[in-house]
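J.: After the C-alpha cells below, expect a handful of questions from me.
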Amino acid sequence: MHRTKTRFAARVNHVATALERRGVRATYRLHDRVLSNRRSRRLFRGDRPELDDLQGRILQELETEGYSVLAFTELFPDVGLREDIEEQSGRFVAETKAGLAGDRGGLRVRAGKEFVVRLHSYGVELSLEDPWFRACTSRRMLDIANTYLDLWSKLEYTDMWYSVPQAEEAERVASQRWHRDFNDRRLVKAFLYLADVDESMGPFEYVPGSAGKGPYASVWPWKPLGDNYPSQEEFAERVPEASIKTFTAPKGTLIFCDTAGFHRGGLSTTHPRVLATVTYSSPASLVSLTERSYHFTGALASLDSPTRFAVT
C-alpha cells in the first residue's frame, strides 16, 4: 500500500512539475512579447544611445563571442571612482575575514552556495553613495547592456563576492558547475576582479558561442526552467576543452558576458576570489518579475529616464 501511494505521489508531482514548467514558459513568452518587454523595446528605440568606440567594441565582442574583457580604467578613467571601489572592497574583505575567523553568524551566504560570502545578498537599500552601484548605474555600463538587449534593461542584481577557499578534493557544486543562468534568454553580466585571479582561485570560465546563435547555443539550449545544469560528464563530451575561455587576470579586470551562455567559476583551493558583479536583464526576466536584490533609496528625480527605469 505504501509503495502504491509513493508511486502515485511521484506521478502527481511529475504532472504538477510539468504543468508548472509549461505555465512559467507561457508566462515568460507573454511578458517577453507583449506585457513587459514591448514597452521597454519601444522606449529604447525612441532614445537609442550613441556608443563611443570602446563601448562599440565591447558590444561587438558580446555579439560575436558572448564576452568582452578590458581594464576597468579603460571604461572609467575616473581615478576617484576606482579608489572608492577599492576602499569598499577592502572593508568587505576585512569584515569577511573577521567573520570567518569568528562564529560566522553575521556572514551573508545563501543555502547551497555557502562558499560565497556576499557584501549585500538580498534586501539591501542602495543609493549612488555605494561606489560599485554608482558604476553599474552609469551610462557607461547601462548603455552597453541596453544596446545588447535592444531594450531598456532592469539592473536586477549587484553585489561583491568573496569565494572562500575549499579543500583541494572538494567537488564542484552549484554555480561552480557548468550552467546557463535561468533568468532570461539574453543577459548581460559584468564581473570586476578585485584581486588577482589565477587558475587555482576559481576563475570565471565561459564557452564562447554558447549564447545567442553561436555554435554551442543549441547544446542544452536556454529556455525557461530548462535543463540549465546538465550532466557535467555529458557536458565534457559535447564541449571540447579547447572551446573554453578561462579568465585568469589581474585585479582591475572587467568582464562583460552573456550568462545565458554556459559558464562556471568560484572553486578556489588557495586564496579567496574577490569580485564585484552586476546583472542587467529584460523586464520579462524570471527574477525581475519576482524581486530585485536591492531597493534604490536615492532621489529618482535626479536620474535620467533609462537609469530610473533600470533601478525601479
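J.: Is it true that some residue in segment 226-238 is within 13 Å of the chain's Cα centre (by Cα) and in contact (Cβ under 8 Å) with a residue 12 or more places away in the chain?
T.: no
J.: Take the conditions in contact (Cβ under 8 Å) with a residue 24 or more places away in the chain, closer than 29 Å to Gly123 by Cβ and surrounded by 15 or more Cβ atoms within 10 Å (Cβ to Cβ) and apply them to Pro203. Does it pass?
T.: Against the criterion (in contact (Cβ under 8 Å) with a residue 24 or more places away in the chain, closer than 29 Å to Gly123 by Cβ and surrounded by 15 or more Cβ atoms within 10 Å (Cβ to Cβ)), Pro203 does not qualify.
J.: Additional query: Could you figure out which of (1) of a type in the set (Lys, Arg); (2) surrounded by fewer than 16 Cβ atoms within 10 Å (Cβ to Cβ); (3) in a helix (DSSP H, G or I) isn't true of Arg104?
T.: (3)
J.: Take Glu205 and tell me if it is touching a Ser or Thr at 6+ places or on another chain (Cβ under 6 Å) and of a type outside the set (Gly, Ala, Ser).
T.: Details: touching a Ser or Thr at 6+ places or on another chain (Cβ under 6 Å): yes; of a type outside the set (Gly, Ala, Ser): yes.
Yes, satisfied.
J.: Within segment 257-301, how many residues turn out to be more than 18 Å from Ser36 (Cβ to Cβ), of a type outside the set (Lys, Arg) and touching a residue at least 12 places away in the same chain (Cβ under 8 Å)?
T.: Number of matching residues: 26.
J.: Report the residue count in segment 74-94 for those that are in contact with a strand residue (DSSP E or B) (Cβ under 9 Å, 6 or more places away or on another chain) and not aromatic (Phe, Trp, Tyr).
T.: Within segment 74-94, residues that are in contact with a strand residue (DSSP E or B) (Cβ under 9 Å, 6 or more places away or on another chain) and not aromatic (Phe, Trp, Tyr) number 6.
J.: How many residues does segment 115-169 contain that are under 29 Å from Lys213 (Cα atoms), assigned to a helix (DSSP H, G or I) and of a type outside the set (Gly, Ala, Ser)?
T.: Final tally of qualifying residues: 11.
J.: Do we have any residue at all in segment 243-250 that's charged (D, E, K, R), crowded, with 19+ Cβ neighbours inside 10 Å, assigned to a strand (DSSP E or B) and in contact with a Phe, Trp or Tyr (Cβ under 8 Å, 6 or more places away or on another chain)?
T.: Among the residues of segment 243-250, not one is charged (D, E, K, R), crowded, with 19+ Cβ neighbours inside 10 Å, assigned to a strand (DSSP E or B) and in contact with a Phe, Trp or Tyr (Cβ under 8 Å, 6 or more places away or on another chain), which makes the answer no.
Where a number appears in this text, it was derived from the coordinates with a stated rule and is not lab data. A quick note: this is a predicted structure, and the numbers were derived from the prediction, not measured. As a convention, Cβ positions derive from the backbone with ideal geometry for all residues, glycine included, and neighbour counts pool all protein chains shown.
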